[in-house]
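This report refers to the structure that appears directly beneath it.
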């Protein structure tokens, strides 16, 4: 991503000095990323800056390798890796250590455990593998992001550096002169990677975003440009200049139009990649091309510090937000960006540059490789800065906060009368500190998924829903639960109702598969599953079908009411066609913050995590849902009054944490509403 052009031992040093415009393109890329992460209006698609970096890296690294082979008849892998170590590891390690220190002071305690793992992965440049395994959505994550999450792109590049020189060396040895085999080989790898990326982005969003096999085509595109660069430069200069300006405009427009809802990378990544190729290919010595702008002093300054800017901006923004305990104001964001530039300049002057002037490292590849191993070990040891935060430490925070609590506490029964729950809710605003008998504890909330997850009944991967039956399988009264994870969150109380009433209870739920039928399209992997689930439900003809689903107020704000009504009406008709009755449970209020993490940082100021009732819903969507599901064969049930007062929605009610993450309710509070649900089910069955 940030290949050095100043390394004294690079065989391409003079070539890269001439291409000063590439430094300006780097500046454009890093400024896009900074603007995106700082949430500056107009840059919702600024994440494409990383794709620009990928293309530049493929172009520069291939130049370096091919020219070295042409000059020496071989490629020294040890020299290559030594240069990467000098260029990337020192600044990266300093940023990791700085991030750990800041996080230990200001980050919420519950986030530090994962950060320890992230720091170890960053030291080994495998952060992308870690986030892919967690299925972290970079653009629409339900979790507060890690201060080291941006290291995923460095992981992609480092893994590329491991394999790519070997491939280039092998293909060059097969045919030394014309490089035909190298062109064919790289073109084939690039094409395969692109096809896989496009085909699997909607089905495997985390894998295609984070993993090298699905990103290799972006680096490969830059590599292929290197191999045909001479021929490109022979084409009409006016055409190249015009395409160069078109590319700049395309990048800016893309940065404006793309957002978190864009299916990315996939097809959407092709535009910024092609635009970057066009910017690089435009005549770097032209009078009218974009290179004239890219070579201005301020962009050269930013481009030369792009690596350090990238390393520091993200942890500064994330830790500042955690320390502020709320979203940053415009002035605070500006101060964070100023701090980013200061830290980047210090890193550039005292870490990046000096390392290239140490003769022992420049002259000795062995010393550099040893130095790299030492840096990795230091990074692994440094991760222990945040390691002491454990379940025991969080429990200590809870116990300390409980010494002065003035909350109304409840026994661990999880099934209360209406009067009891209303008392807990009405007095929730008086809770200052976490109750001594908090249920579940903050640490336990991380694993507080309903049992339907643990027994394999909440389907994630299969097109055919599993057949899971609870309660009395021979009962004449049968109930089905259909929807996504926001339907599955009601599993525990619904199973208890089925057991108490002697009903047959079956589940058809899958994460991410909303039953709302948005006009923008249900996730591709959900379509077949939903059709199969509906077919099974209709075949069994249940006494009552309970439906629920996630209704993110932000995502649905721009949804066309007519399109939403039509799709919901189709679902209503399909599920009631054979006489089945439906109970539609309106979604629970959306906190829009990760409740356990917020509470871990506000153990003695619980009300800092409380949110306003008015921001937890999209009124337009609510009215559409109510209109569709209020009919002779269906009931619309809204339980919001059991979560919120007229003004606020508490996150601790009685001694119960209401939410287990950013949107799902805890099993403890779901069970507390067992009587409420039982009453609604009985009413629906009677009518």
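In plain terms, the chain from residue 384 to residue 178 could stretch by 69.0 nm, reckoned as 0.36 nm per residue minus the Cα-Cα distance. In a fully extended conformation the segment linking residue 70 and residue 134 would gain 18.7 nm over its present Cα-Cα distance, using 0.36 nm per residue.
As a rough guide to protection, the peptides 185-197, 287-299 ranked by mean Cβ packing within 10 Å, highest first, stand as 185-197, 287-299.
Against the longest principal axis of the chain, how steep is helix 306-324, in degrees 0 to 90 to the nearest 10, with axes from Cα atoms? With both axes taken from Cα atoms, the answer is about 20 degrees. Taking the simple approach of a point 7 Å from Cα along Cα-to-Cβ for both residue 604 and residue 324, what is their distance in nm? Taking the two extended label points, one gets 2.4 nm. When each of the peptides 363-375, 446-458 is scored by how many other beta carbons lie within 10 Å of its residues on average, the order from highest to lowest is 446-458, 363-375. Volume of the convex hull of the range 149-229 (Cα atoms only), normalised per residue: 83 Å³. Paramagnetic label reach from residue 288 (point 7 Å along Cα→Cβ; backbone nitrogen cut-off under 20 Å): within the range 216-233, residues 233.
Rounded to whole Å, the principal axis extents of the Cα atoms in the chain read 85, 57, 41, largest first. Modelled spin-label separation between residue 615 and residue 648, with each label point placed 7 Å from Cα along the Cα-to-Cβ direction: 1.3 nm. For the range 418-686, the share of alpha carbon pairs falling in successive 5 Å distance bins from zero is 1, 6, 13, 17, 19, 17, 13, 8, 4, 1, 0 percent. Remark: the range 35-156 is approximated by an ellipsoid whose semi-axes, taken from the C-alpha gyration tensor as √(5λ), come to 31, 19, 13 Å, largest first. Looking at the range 13-385, the pairs of alpha carbons with a distance over 38 Å make up 14% of the total. Of the beta bridges in the chain, as assigned by DSSP with both residues counted there, near 25 percent are antiparallel.
For the chain, the longest principal axis of the C-alpha atoms and the axis of helix 270-281 are separated by about 20°. Per the helix-only calculation at 222 nm, which mean residue ellipticity applies to the chain, given -39500 (n - 2.57) for every DSSP H run of n ≥ 4 and division by its residues, nearest 500 deg cm²/dmol? Rounded to the nearest 500, the figure is -18000 deg cm²/dmol.
Length gain on complete extension for the stretch residue 574 to residue 261, per 0.36 nm per residue less the alpha carbon to alpha carbon distance?
Details: separation 313, 0.36 × 313 = 112.68 nm, distance 2.84 nm.
Answer, rounded to one decimal: 109.8 nm.
Taking the longest Cα principal axis of the chain as reference, the axis of helix 237-257 is set at about 20 degrees.
The simple Förster model, with R0 at 25 Å and r as the Cβ-Cβ distance, assigns residue 233 and residue 301 a FRET efficiency of 0.35. Three semi-axes describe the equivalent ellipsoid of the range 592-632; taken as square roots of 5 times the Cα gyration tensor eigenvalues and ordered largest first, they are 33, 9, 8 Å. Computed packing ranks the peptides 39-50, 250-261 as 39-50, 250-261, most packed first, by mean other Cβ atoms within 10 Å. For the chain, the relative contact order works out to 16 percent when only alpha carbon pairs closer than 8 Å and six or more residues apart are counted.
Read-outs: derived from the displayed coordinates by stated rules, not from any lab. Since we're looking at a predicted model, the values are computed, not measured. All Cβ positions, even for glycine, are placed from backbone atoms using ideal geometry, and neighbour counts span all protein chains on display.
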